[in-house]
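Okay, so here's the structure we're looking at.
The values are calculated or read from the model by the stated rules, or taken from the named source; none is laboratory data. Quick caveat, the model's predicted, so the values are computed rather than measured. Quick reminder, even Gly has a Cβ in these numbers, built from the backbone with ideal geometry, and neighbours come from all protein chains shown. With ligands, DNA and RNA removed, areas are computed over all heavy atoms of the protein, side chains included. Shrake-Rupley method; radii C 1.70, N 1.55, O 1.52, S 1.80 Å.
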Amino acid sequence: MLGAGEIARGMQGALGFLQRDPAAPSYFDNTAESCLRSFQVMILVAPLYAVVLTILYSNVTTTAEGWEIVLVEALRYTVDWLLFPVIFFEIARRQNWVGQYPRYISALNWVNLPLMIVAVVAVILASILPTAAAVLIQLGLYGLLFYWFLAVTRSVLKASWVQSFMLLLVNWVPSRFLSVIVDRFLGITPAIGA
């Protein structure tokens, strides 16, 4: 399990990307072991993700049973977390980025922890503020997600802006597609008056 020192180091490195700290990539070892350990961040983020889902599900109706929602959302969480690293490995192989693969995936995994903390606050605020403010908060959260992803990609891979945006699309589009599938499977519709 991840120790307090490792969590502090991962958070510091993840936040370093927001500050455009050129040393931010050095917080993440470029080893397979470090990369695999970074997937344990999934365990740290899971309770925060559950809080976000609880709030989001309070504003929708669904045809699914509670156990179905828990099972499907747990599967979505796992698949969504693992999908980009699998897809990116083939891209890395073709672009000669395999040497930076462990550091890049580690950094992206660690970014999820502070990002999810911000998401919890944003979703709570969006649930109590008027709709217009909620939309602005959601757009701001997407902007933060996209900026963070681009900052990690540019810093670790030394990718061009075009390559970084393409990787952002490769990350984001399958994730949105997965969300559409899950929403349809669970029969999710906005709650009346929400």
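In the context of the full protein assembly, Y101 retains an accessible surface of approximately 40 Å², using a probe radius of 1.4 Å and ignoring ligands and nucleic acids. Simple rule: put +1 on each Lys or Arg Cβ and -1 on each Asp or Glu Cβ in the chain, find the dipole, and look at Q12, Y101, F84; the Cα lying farthest toward the positive end is Y101. Residue order by solvent-accessible surface for S38, S127 is S127, S38, largest first, with ligands and nucleic acids left out and a 1.4 Å probe. Over segment 40-155, the hull volume per residue, using the convex hull of the C-alpha atoms, is 117 Å³. Surface composition of the chain: carbon and sulfur atoms hold 69% of the protein heavy-atom accessible area at a 1.4 Å probe. Mean-square fluctuations from a GNM of the chain, with a 10 angstrom spring cutoff on Cα atoms, peak among V41, V86, V98 at V86.
Rolling a 1.4 Å probe over the protein heavy atoms gives the chain an accessible area of 56 Å² per residue.
Translational diffusion of the chain was estimated from the Stokes-Einstein equation, with Rh taken as the Kirkwood radius over Cα pairs; at 10 °C and 1.306 mPa s the coefficient is 90 µm²/s.
Only helical runs count toward this figure. For the chain, summing -39,500 (n - 2.57) over DSSP H runs of n ≥ 4 and dividing by all residues gives -27000 deg cm²/dmol at 222 nm. Here the Kirkwood formula puts the hydrodynamic radius of segment 113-194 at 14.7 Å, using every distinct Cα pair.
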